[in-house]
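Notes follow once the structure below has been shown.
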Amino acid sequence: MIRVEDLHRHFGGFHAVDGASLTIETGSITGLIGPNGAGKSTLFNVIAGVLPPTSGRVFMDNEDITGLPPHTLFHKGLLRTFQLAHEFSSMTVRENLMMVPGAQSGETIWKTWLQRGRIWREEAELRRRADEVLDFLTIRHLAHEKAGNLSGGQKKLLELGRTMMVDAKVVFLDEVGAGVNRTLLMTIADAIIRLNRERGYTFCVIEHDMDFIGKLCDPVIVMAEGKVLAQGSAADIMKNEAVIEAYLGTGLKNKDMVGA
Ligand SMILES: Nc1ncnc2c1ncn2[C@@H]1O[C@H](COP(=O)(O)OP(=O)(O)OP(=O)(O)O)[C@@H](O)[C@H]1O
Ligand SMILES: [Mg+2]
């Protein structure tokens, strides 16, 4: 699905991503782990078109997508979840879903303004789809809640829900579990697994929680200092000397890694 070849992203003289090459197989839930500052989020941002690479290439289904802007990638089905925009917090959960760009038909609202019948049909269809998503995520009861009032975990579910309003192929999740309570974390994990099995979504998931990674991801790719250090099953990765070394080298605040 995604192939990254010798990717570099420098910030001044600092090599945040320093020659990373990796493959995300179609149909997989691939984990991306590594110590703080390893370059994981930067790699995501380059793949998703948020940051241009310094050098290297990114392919999606063998098509060179290097440097394409996020909205173009979005239409190709490559999505990266973002924190809900501040201005959306006063809208309801259901409205947030209905506002996902690309969920509406191609015409702008202005062009279709006079075609009210069509707008109504379109709105009804969007609402139906939004409610389906809410059911899938087991948060239908929050449909009319303002997004700003949601808990951290519920916001993460809504972010995931936004990827379901369009036909996503590959979804990049950066620390969806951060600050989320255990119950909601498992709801998020279940939603990811179901999207993967039932809708064929491919995922690439950055997460520090090794329980979450172990339950969800195969394979797991480990980054350290801008490079790919290892790849394998979660069990193999946790036994890998170089990986343990990389985590220890950061001063070991990673109880996640040790506790797992
Ligand atoms: N816009 C930027 N300007 C300068 N340096 C940056 C920028 N973005 C990231 N960096 C640096 O690049 C390195 C990699 O950052 P990145 O956020 O990709 O790491 P990460 O693996 O996602 O870490 P974490 O697990 O803490 O989220 C860090 O040292 C960071 O300070
Ligand atoms: Mg990060």
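Taking only alpha carbon atoms, the chain gives an Rg to Rh ratio of 0.99, where Rh is the Kirkwood radius.
Could you check how much of the accessible area of the chain is carbon and sulfur, as a whole percent, using a 1.4 Å probe? The computed percentage sits at 52.
The residues of the chain present an accessible area of 49 Å² per residue when probed at 1.4 Å with all protein chains retained. Could you work out how far the C-alpha centroid of segment 159-216 sits from that of segment 1-42, in angstrom? When both Cα centres are located, 19 Å separates them. Build a GNM of the chain with springs between Cα atoms under 10 Å apart, and of R121, R140, R199 the one that fluctuates most is R121. Under 10 Å from the Cβ of R94, count the other residues' Cβ atoms, weight Lys and Arg +1, Asp and Glu -1, and hand me the total. Taking every other residue near R94 into account, the sum is -1.
In this structure, the residue pairs whose Cα-Cα separation is over 22 Å, taken from K156/K239; K76/K215; K40/K169; K76/K227, are K156/K239; K76/K215; K76/K227. At a Förster radius of 30 Å, what calculated FRET efficiency corresponds to the Cβ-Cβ distance of S89 and I193, to the nearest 0.05? Efficiency for this residue pair is about 0.55. Against the chain, whose longest principal axis is taken from its Cα atoms, helix 152-163 shows a tilt of about 70°.
Taking other residues whose beta carbon is less than 12 angstrom from the beta carbon of S21, and scoring Lys, Arg as +1 and Asp, Glu as -1, yields 0. Placing pseudo-labels 7 Å out from each Cα toward the beta carbon at S21 and T183 gives an inter-label distance of 4.8 nm.
Once the Cα atoms are used to define both axes, helix 182-199 deviates from the longest principal axis of the chain by about 80 degrees.
The values are calculated or read from the model by the stated rules, or taken from the named source; none is laboratory data. Values in this document were obtained by computation on a predicted structure and should not be read as measured data. Neighbour counts run over all protein chains shown; Cβ positions are idealised from the backbone, glycine included. Remember, those area values only see protein heavy atoms, side chains included, never the ligands or the DNA or RNA. Shrake-Rupley method; radii C 1.70, N 1.55, O 1.52, S 1.80 Å.
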